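The values are calculated or read from the model by the stated rules, or taken from the named source; none is laboratory data. Keep in mind that what you see is a predicted model, and the values were worked out from it rather than measured. Here the Cβ positions follow ideal geometry from the backbone for every residue, glycine too, while neighbour counts run over all protein chains shown. Side chains are part of the model used for accessible areas, which takes the heavy atoms of the whole protein and leaves out ligands, DNA and RNA. Shrake-Rupley method; radii C 1.70, N 1.55, O 1.52, S 1.80 Å.
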Amino acid sequence: MAVTGLVLAGGKSSRMKTNKAELLFGDKTLQQRSVDLLHSVGLSDVLISRNGCHANADYLPDIYPNRGPLGGIYSALKHTANDLLVVAIDMPLLNRALLTRLLNFYEQQKIHNKTMNLAHFSQFPLPIYINNNQVTQHYLRATLSAIDSNCSIKQFIKTCHGESLASSQTDAFSNINTPVQYNQLCKTHGINQFKKEVINHD
C-alpha cells in the first residue's frame, strides 16, 4: 500500500500561549517527534500542515484556510495520490507500535476485501488512516466549502463510516493543549526542558 504521513501542526495554540510545534519534549520538538514517528513505521513521504506555511516551502498550505484539521487533511489528499496516516503534534506519547497496529489493521481488512474509508482507535479520532478516495475527498470538499459546517474529525469519521480498533494504551493518546498539561507531562516523564514562556501560565 502507498501511504503518506501527515503531521497536523497548524493549530493556533491559543491555550498554550506559544506555538506547540516548537515545544521541546526531550531533545526534540513536538513537530520533529511526529515526523520521526511516521518515518519509524516506514513512511518516507511525510507532509506537515502548519500555520504560516506560505513562508516556508516545507509546509503544505491549506486549500481552505482556517478550517481546522480537516483543512490540512483535505489539502494533503489533494497533494498526493496516496492514502494518509495522520498524527497530531500535541500527542507526544504516541508510539510506533500503535501506528504499526493501525497500518496492519487497515491492510488486513483490505486483504479480506473489506473496503474502509477510515480507520482509527476506539474513542480517539487521531491518529487516523484515511483512504484517498472519492468518498473522503467529496465529504471534505463539501464540508470545508460550506459556511457553518461541522468541521470536526469526529463528524468526518461518523459520516464516512470509519472503522475502529481497540487499544489499552489510553495514556498514549493524551494530548497537551495548555501550559499546565505540557509541564505536568514533562514532569511525569522526567523531562526538565520546560519552555520558559509557558511555565507560569495558568
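Here are a few things to note about the model shown:
- Residue within region 51-67 that is in contact with a strand residue (DSSP E or B) (Cβ under 6 Å, 6 or more places away or on another chain) and at pLDDT 95 or above present: no
- Scanning region 130-144 for residues that are assigned to a loop (DSSP other than H, G, I, E, B) and open to solvent by less than 20 Å² (accessible area, probe 1.4 Å) turns up nothing.
- Condition met for Ile157 (under 16 Å from the mean Cα position of the chain (by Cα), assigned to a helix (DSSP H, G or I), surrounded by 12 or more Cβ atoms within 10 Å (Cβ to Cβ) and not polar (S, T, N, Q)): yes
Matching residues to (1) closer than 18 Å to Arg101 by Cα; (2) open to solvent by 30 Å² or more (accessible area, probe 1.4 Å):
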position	(1), (2)
Leu8	no, no
Lys28	no, yes
Gln31	no, no
Leu37	yes, no
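- Test: residue in region 48-63 that is outside any loop (DSSP other than H, G, I, E, B) and in contact with a His (Cβ under 9 Å, 6 or more places away or on another chain): no
- Candidates in region 97-129 are the residues that are out of contact with any Gly (no Cβ under 9 Å at 6 or more places or on another chain) and among the small types (Gly, Ala, Ser); of these, the one that is least open to solvent (accessible area, probe 1.4 Å) is Ser122.
- Just one of the listed residues (Gln169, Gln184) is open to solvent by 30 Å² or more (accessible area, probe 1.4 Å), over 21 Å from the mean Cα position of the chain (by Cα) and within 29 Å of Glu22 (Cα to Cα), and it is Gln184.
- Pairs meeting the criteria (first residue in region 80-102 and free of Cβ contacts under 8 Å to residues at least 60 places away in the same chain, second residue not in a loop (DSSP other than H, G, I, E, B), beta carbons under 8 Å, at least 6 apart or on different chains) are Arg96/Leu37; Arg96/Ser40.
- Count of region 148-173 residues, restricted to those that are hydroxyl-bearing (Ser, Thr, Tyr) and in contact with a helix residue (DSSP H, G or I) (Cβ under 7 Å, 6 or more places away or on another chain), is 3.
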